[in-house]
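Accompanying notes for the structure given below.
The values are calculated or read from the model by the stated rules, or taken from the named source; none is laboratory data. As the structure is a computational prediction, the values presented were derived from the model and not from experiment. Cβ placement follows ideal geometry from the backbone for every residue including glycine, while neighbour counts extend to all protein chains displayed.
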Amino acid sequence: MPELPEVETTRRGIAPYVEGQEVTEVIVRQPSLRVPVPKDLPERLVGARIGMLRRRAKYLLLPVEGADQPQTLMWHLGMSGSLRIARVGDLPKKHDHIDLVLASSHILRYHDPRRFGFVDWLQDDEQRDPRLAHLGPEPLSEAFTGAHLYRLSRSKRIAVKSFLMDNQVVVGVGNIYAAEALFMAGIDPRRAAGRISLARYERLAAAARNVLSAAITQGGTTLRDFVSGQGEPGYFAQRLNVYGRHGQPCRRCGGELKRITLGQRASVYCPRCQR
C-alpha cells in the first residue's frame with residue numbers, strides 16, 4: 001500500500017503539471033472503485049482550474065477553483081493505486097480508470113489494479129469531514145514530538161509499533177516506516193507503549209521524522225506497484241534496515257533479524273539492538 005512518503009512523492013511529482021491548469025475533459029472508464037466515482041465529477045470539473053495540491057495523511061487534496069463555490073477533490077490511492085502524468089494521445093492501459101485532461105495537453109491519469117482507492121469530494125472542510133476530522137498530527141510537523149507520543153501512551157498496554165501506526169496518534173507511519181523508525185530508535189516493537197520513557201519517545205519521534213524524510217527524498221519505497229507521477233519507482237527499499245530482511249544479519253550488530261506478528265502484521269526487528 002502506498003504510505004505517506006509515496007503519497008507525498010506523488011504530490012510533488014504531479015503538482016508542476018496540474019496546478020493552475022484548466023480541466024477540459026473528464027474520462028471515467030471504471031466508476032466502481034472502493035467508493036463509487038461521483039456521477040457529477042465531469043460536470044463539476046470541466047472548465048475549472050486545479051489549485052495548489054495538498055496532502056493530509058495518505059489523502060491527496062486538489063482544490064478546484066472557478067466553480068460556483070469552493071470545493072476540493074479528495075484522492076486516496078488505496079492498495080495499488082497511482083496518479084501518473086500522461087499526454088493527450090497516450091493510449092490508456094488496463095486498470096487506467098480515470099483521466100483528467102488538462103488544457104496543457106497533459107493528463108492526470110489514475111491507475112489502480114485492485115480498485116481499493118477512491119476519488120470523492122471533500123465534505124465541508126478538513127476539520128469536519130469524517131474521514132479527516134479525527135486524524136492525528138502530520139509526522140513532519142512541529143506538532144509531532146516525543147512529548148506528544150508520551151502523553152498519549154500513558155497506561156496503554158498496546159505494542160508500541162501498533163501505537164505508532166494508529167492514525168489518531170500520528171498519521172502516515174505505516175508498517176514499513178514504523179519498523180524502520182523503531183530500529184533506528186533501538187526500541188523493541190513488542191514493548192508496551194505505556195512503558196516507554198519520554199526520552200525514548202523523543203528518540204522515536206526523531207527517528208520517524210528522519211526515516212520518512214529520507215524515504216521522500218528517495219522517492220518512496222517500491223515493494224509491489226508503487227511508481228511516482230512520472231512512472232518512476234521509489235528507491236528507499238535499498239536502504240531498509242529491517243523491513244523484509246528477516247533471517248538476514250543486522251547491519252548494526254550482525255545478529256540475525258527476527259520476524260514476529262503484531263496486530264496481524266509481520267514485523268522484523270533485531271533482538272540485540274532493540275530493547
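Yes/no per residue for (1) under 17 Å from residue 109 (Cα atoms); (2) out of contact with any His (no Cβ under 6 Å at 6 or more places or on another chain); (3) without any contact (Cβ under 8 Å) to a residue 60 or more places away in the chain; (4) among the hydroxyl-bearing types (Ser, Thr, Tyr):
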residue	(1), (2), (3), (4)
57	no, yes, no, no
66	no, yes, yes, no
71	no, yes, yes, no
81	yes, yes, no, no
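Whether a residue is modelled with pLDDT of 95 or more, out of contact with any Gly (no Cβ under 7 Å at 6 or more places or on another chain), surrounded by fewer than 20 Cβ atoms within 10 Å (Cβ to Cβ) and basic (Lys, Arg) was assessed, and residue 87 passes this test. Under the condition of being assigned to a helix (DSSP H, G or I) and in contact with a His (Cβ under 7 Å, 6 or more places away or on another chain), the residues counted in the stretch 1-49 number 1.
Scanning the stretch 35-54 for residues that are of a type in the set (Val, Ile, Thr) and within 22 Å of residue 9 (Cα to Cα) turns up just one, 50. Those helices (runs of 4 or more DSSP H) of the stretch 157-217 in which 3 or more residues are more than 30 Å from residue 11 (Cβ to Cβ) occupy 198-217.
For (1) more than 30 Å from residue 270 (Cβ to Cβ); (2) touching a His at 6+ places or on another chain (Cβ under 8 Å); (3) among the small types (Gly, Ala, Ser); (4) buried (at least 21 other Cβ atoms within 10 Å of the Cβ), each residue gets a yes or a no:
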position	(1), (2), (3), (4)
140	no, no, no, no
145	no, no, no, no
148	no, no, no, no
155	no, no, yes, no
159	no, no, yes, no
164	no, no, no, yes
172	no, no, yes, yes
194	no, no, yes, no
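Check whether at least one residue in the stretch 154-171 is without any contact (Cβ under 8 Å) to a residue 60 or more places away in the chain, hydroxyl-bearing (Ser, Thr, Tyr) and in contact with a Phe, Trp or Tyr (Cβ under 8 Å, 6 or more places away or on another chain), and report yes or no. Within the stretch 154-171 (the criterion being without any contact (Cβ under 8 Å) to a residue 60 or more places away in the chain, hydroxyl-bearing (Ser, Thr, Tyr) and in contact with a Phe, Trp or Tyr (Cβ under 8 Å, 6 or more places away or on another chain)), the answer is no, since none of the residues qualifies.
Would you confirm whether any residue within the stretch 130-150 is touching a Gly at 6+ places or on another chain (Cβ under 6 Å), among the β-branched types (Val, Ile, Thr) and at negative phi? No, the stretch 130-150 has no match at all.
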